[in-house]
Amino acid sequence: MKKKIFIFGGCGFLGKVLGKLLISHNYNIIIIDKPYKRKLCPKNISFIDTDIRNKKFLKKLDINKDDIIINLASRQYQDAVPFFNKQKWFDEVNYFGAKNLFEKAIESKASKYIFFSTDMVYGISNEVLISENGLKKPIGPYGKSKLKFENYLNNNKHKKIDVIIFRSRLISGPGRLGVFKNLFNLIKNSLPVPVI
């Protein structure tokens, strides 16, 4: 039987690339994301719609002993961030939702919990190379929410599950240009480009 890999938040740029790669290596991939994102997912990958804040649904999810959970689900700055209560808004998914999912992984005896964090947990560094164990002074509520969950994982290392944390730099590609979209539009239209 093929090992199951559950990719939560898997309809984004990274999730789609990862899903296709893992299928080509003969894994059974299940993408779990919000219902409206179904149309963004590859058609040949199983899709289940839910939100990681939904504890009742997570309880019913069929995750078994050797399965792997990859958590890409995240609120980010490219979403419609509210003007007030930003920290609470980011924490709802990036901390509390991630915590729900980790508890499900423990309960199911999953073999691995892979969490995608961010390099923003380090803040602005004067160092050219940042050590993995370097000082963490997160930037803004997004970085703080990710570090809060990293700290939770580190405090629960005694649980019998392998935990892997990736702190990725800016991820860009088709549909993932972020602020670069504005920059490229300025260049394309021969407009002045601000230099900071």
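The values are calculated or read from the model by the stated rules, or taken from the named source; none is laboratory data. Quantities reported herein were computed from a predicted structural model and do not represent experimental measurements. Every residue, glycine among them, receives a Cβ derived from its backbone with ideal geometry; neighbour counts consider all protein chains shown. Remember, those area values only see protein heavy atoms, side chains included, never the ligands or the DNA or RNA. Shrake-Rupley method; radii C 1.70, N 1.55, O 1.52, S 1.80 Å.
Measuring between their Cα centroids, the stretch 1-60 and the stretch 91-117 lie 15 Å from each other. The trypsin sites (Lys or Arg not before Pro) found in the stretch 97-167 that occupy coil by DSSP, while having at most 10 further C-beta atoms within 10 Å, are LYS157, LYS160.
When the chain is described by a simple charge dipole with +1 on each Lys and Arg Cβ and -1 on each Asp and Glu Cβ, the residue from LEU58, GLY10, ALA105 located farthest towards its positive end is LEU58.
Computed with a 1.4 Å probe on the full set of protein chains, the accessible area for VAL81 sits at about 40 Å². Working note: 222 nm ellipticity from helices only, DSSP H runs with n ≥ 4, each -39,500 (n - 2.57), summed and divided by the residues of the chain, gives -9000 deg cm²/dmol to the nearest 500. Given the pairs LYS34/LYS99; LYS16/LYS39; LYS4/LYS112; LYS3/LYS34; LYS20/LYS144, which span a C-alpha to C-alpha distance of over 20 angstrom in this model? With Cα atoms farther than 20 Å apart: LYS3/LYS34; LYS20/LYS144. Can you tell which of ASN185, ASN156, ASN71 shows the greatest fluctuation in a Gaussian network model of the chain with Cα springs below 10 Å? Between ASN185, ASN156, ASN71, it is ASN185 that shows the largest mean-square fluctuation. Counted over the stretch 1-139, the DSSP beta bridges are approximately 0% antiparallel.
Rounded to the nearest 20 debye, the dipole magnitude of the stretch 1-86 is 160 debye, with +1 charges on Lys and Arg beta carbons, -1 on Asp and Glu beta carbons, and the Cα centre as origin. Once C-alpha pairs closer than 8 Å and six or more residues apart are averaged by separation and normalised to the residue number of the chain, the relative contact order reads 19 percent. Between LYS56 and LYS112, the FRET efficiency estimated from the beta carbon spacing at R0 = 35 angstrom works out to 0.90. Here the contact order of the stretch 43-120, divided by its residue count and restricted to Cα pairs under 8 Å and six or more residues apart, works out to 47 percent. Remark: the stretch 71-76, residue by residue, has Karplus-estimated 3J(HN,Hα) of 9, 9, 5, 6, 8, 10 Hz, where x stands for each Gly or Pro and the curve is 6.51 cos²θ - 1.76 cosθ + 1.60 at θ = phi - 60°. The aspartates and glutamates whose alpha-carbon is closer than 17 Å to the alpha-carbon of LYS148, local same-chain residues fewer than 8 away aside, are ASP91, GLU92, GLU103, ASP119, GLU132.
Rounded to the nearest 0.05, what FRET efficiency is calculated for TYR152 and SER190 with R0 set to 41 Å and r the Cβ-Cβ distance? With a Förster radius of 41 Å, E is 0.25. Just checking the listed ones, PHE13, PHE57, PHE116: in the Gaussian network model of the chain with Cα springs under 10 Å, the one fluctuating most is PHE57. Say R0 is 35 Å: what FRET efficiency, to the nearest 0.05, do VAL163 and LYS43 get from their beta-carbon distance? With R0 = 35 Å, the Cβ-Cβ based efficiency is 0.65. Excluding ligands, DNA and RNA, the accessible surface per residue across the chain is 62 Å² with a 1.4 Å probe.
Peptides 38-44, 6-12, 128-134, ordered by how many other C-beta atoms sit within 10 Å of their residues on average, highest first, read 6-12, 38-44, 128-134. Computed from backbone phi with θ = phi - 60° and the Karplus coefficients 6.51, -1.76 and 1.60, the 3J(HN,Hα) list for the stretch 122-136 is 7, x, 8, 10, 8, 7, 6, 10, 9, 6, 3, 9, x, 4, 10 Hz; x is used for glycine and proline. Shown for the chain: the carbon plus sulfur share of the solvent-accessible area, taken with all protein chains present and a 1.4 angstrom probe, equals 57%. Under a model in which nothing but the beta-carbon of Lys, Arg (+1) and Asp, Glu (-1) is charged, the chain shows a dipole of about 440 debye around its Cα centre. Near the amide H of THR50, within less than 5 Å, lie the amide hydrogens of ASP33, LYS34, all on another chain or at least 5 residues away, with H placed in the peptide plane. Scalar couplings 3J(HN,Hα) for the stretch 52-64, obtained by applying the Karplus form with A = 6.51, B = -1.76, C = 1.60 to θ = phi - 60°, are 5, 7, 8, 4, 4, 5, 4, 4, 7, 5, 7, 9, 10 Hz; x denotes Gly and Pro. Here's the picture: charge each Lys and Arg Cβ at +1 and each Asp and Glu Cβ at -1 in the chain, and of LEU135, TYR27, VAL163 the one pushed furthest to the positive end of that dipole is TYR27.
Normalised Debye scattering of the stretch 1-45 at q = 0.25, 0.33 Å⁻¹ gives log10 I(q)/I(0) of -0.82, -1.29, counting only Cα atoms as equal scatterers and leaving out solvent.
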